[in-house]
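The values are calculated or read from the model by the stated rules, or taken from the named source; none is laboratory data. Everything numeric in this text was worked out from a predicted model, so none of it was measured. Counting neighbours? That spans all protein chains shown, and the Cβs are built from the backbone with ideal geometry, glycine included. Only protein heavy atoms, including side chains, enter the accessible area calculation; ligands, DNA and RNA are left aside. Shrake-Rupley method; radii C 1.70, N 1.55, O 1.52, S 1.80 Å.
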Amino acid sequence: MSPEQRVCVVGTGHIGLPLAAVLADAGFEVTGYDTNDDLITRINTTGRVDFLEEGLEDLLRRHLHRGLTLTSAAPTGQDAYIITVGTPLERGGDRPNLRLIQSAVQKLAPGFGDDPLVILRSTVSIGTSRRIVLPEIRRRTERFGLAFCPERTIEGRAIPEMRSLPQIIGGLDERSADRAEALFRRITERIVRVSSLEAA
């Protein structure tokens, strides 16, 4: 069993909310964190989302306010933080805007507990984990894990695909990769370990 039991999914949109629901269904204690207070309030109140995702509302009915908590306040002391925030293209260009990822880590870092595992799952350019995420983590703690585990699902089919597609895992070091693998093995048995953050 993964030692990571309390998991924060950062960003509760098309990618993050289905992941949070699947993790809750796998028995994790999940907090979905999003800075959009209106979105969080609406889902908490109605249990419904404004996009079509096969099986999501059923999982929300089973786990919301039980194993799954949604909040717009940065949670503290989580075992793992999975970052799924959007990376829209820069205006007038073809480069992703990484400021939202940096901002997310900055907001979460003050609440890091002992030895957090940080997993970047957003669609980013090679080097983002090491150049953007790693320095922000190191400003707050010396003991941590860091992995890049890319999201590869199609919107609308994310939940069944999370459970069936191989999960690619690249860690900052072997211990980070081991921890990320143990976490994702509770969702899918199909794991592909690669040699580094950049390879993933």
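Dipole size of the chain about its Cα centre, with +1 on Lys/Arg Cβ and -1 on Asp/Glu Cβ: approximately 260 debye, rounded to the nearest 20. Out of the DSSP beta bridges found with both residues in the chain, what percent are antiparallel (nearest 5)? In the chain, approximately 10 percent of DSSP beta bridges are antiparallel ones.
Ellipticity at 222 nm from helices only: DSSP H runs of n ≥ 4 in the chain, each -39500 (n - 2.57), divided by the residue count, give -8500 deg cm²/dmol.
Of the solvent-accessible surface of the chain, computed with a 1.4 Å probe over protein heavy atoms with every protein chain present, carbon and sulfur atoms account for 47 percent. Using all pairs of distinct alpha-carbon atoms, the Kirkwood hydrodynamic radius of the stretch 106-160 works out to 12.6 angstrom. Only protein heavy atoms count here; under a 1.4 Å probe, Glu151 has an accessible surface of about 30 Å².
In this calculation the C-beta distance from Gln106 to His65 is compared with R0 = 25 Å, giving a FRET efficiency of 0.30. For the chain, the per residue solvent-accessible surface stands at 47 Å², with DNA, RNA and ligands left out and a 1.4 Å probe.
Using a Förster radius of 22 Å, what is the FRET efficiency between Asp115 and Thr188 based on their Cβ-Cβ separation? Nearest 0.05, please. About 0.35, to the nearest 0.05. Give me Rg over Rh for the chain, both radii from the alpha carbons and Rh done the Kirkwood way, two decimal places. Result: Rg/Rh = 0.93. Each Lys or Arg adds one and each Asp or Glu takes one away; over the other residues whose Cβ falls under 10 Å from the Cβ of His14, this sums to -3.
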